[in-house]
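The values are calculated or read from the model by the stated rules, or taken from the named source; none is laboratory data. If you're wondering where the values come from, they're calculated on a predicted model, not measured in any experiment. All Cβ positions, even for glycine, are placed from backbone atoms using ideal geometry, and neighbour counts span all protein chains on display. To get the accessible areas, we keep the full protein, side chains included, count just its heavy atoms, and leave off ligands, DNA and RNA. Shrake-Rupley method; radii C 1.70, N 1.55, O 1.52, S 1.80 Å.
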Amino acid sequence: MKRIAIGLVVSAVAALGGAGIADAAGYPTSDFGGDISGGRTGGTLTWYNRAVGVSGFVRDDPTAGSTTVTFEFRQAGTLFDVQTRTASDDQKNFGWTEPGPAGGFSKVDIYLGRNGSKILIASVPRKV
């Protein structure tokens with residue numbers, strides 16, 4: 001009797017653990033990257049139901065000034081939020097989850113700039 005109970009518990013844990021891994025791996029992703037004179041960025045967007053996970057880096061070459069990557073989160077034509085990450089003479093890694101509106105974001109516009117400039121390097125549509 002104990003063997004049956006232990007077997008059922010082990011089977012249930014394995015089934016739940018496997019489902020959790022499959023679900024986490026099942027979210028669609030979009031890679032991004034770009035460079036400008038003196039700086040670069042790259043990373044991955046993970047498209048959750050409403051939110052977008054953002055992970056990557058921004059690198060600034062050792063010259064005067066700094067490099068900033070800007071993320072604009074949009075649903076249709078509406079801008080919901082803007083996030084920036086900046087590096088000065090080094091590389092900064094980043095990662096966060098941007099909470100989204102009902103229905104989720106439809107795209108993320110990504111800009112890269114140095115010393116106040118801002119150049120569109122990617123307009124990434126939602127992957128489903």
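Kindly list the number of the only condition in (1) loosely packed, with under 12 Cβ neighbours inside 10 Å; (2) within 17 Å of Asp61 (Cβ to Cβ) that fails for Leu79.
Leu79 satisfies all of (1) loosely packed, with under 12 Cβ neighbours inside 10 Å; (2) within 17 Å of Asp61 (Cβ to Cβ) except (2).
Looking at the stretch 80-118 only, could you name the residues that are assigned to a loop (DSSP other than H, G, I, E, B), among the hydrophobic types (A, V, I, L, M, F, W, C) and in contact with a Ser or Thr (Cβ under 8 Å, 6 or more places away or on another chain)?
none
Count, please, the residues in the stretch 51-82 that happen to be among the charged types (D, E, K, R) and either modelled with pLDDT under 95 or in contact with a His (Cβ under 6 Å, 6 or more places away or on another chain) (or both). Write out each step before concluding.
Narrowing the stretch 51-82 to residues among the charged types (D, E, K, R): 59-61, 72, 74, 81.
When the remaining residues are screened for being either modelled with pLDDT under 95 or in contact with a His (Cβ under 6 Å, 6 or more places away or on another chain) (or both), the result is 61.
Of the residues in the stretch 51-82, 1 are among the charged types (D, E, K, R) and either modelled with pLDDT under 95 or in contact with a His (Cβ under 6 Å, 6 or more places away or on another chain) (or both).
Restricting the first residue to the stretch 71-94 and requiring it to be at positive phi, which pairs with a second residue that is open to solvent by less than 70 Å² (accessible area, probe 1.4 Å) meet a Cβ separation below 7 Å and a spacing of at least six or different chains?
Final answer for the pair search is Ala76/Ser106; Asp89/Asp60.
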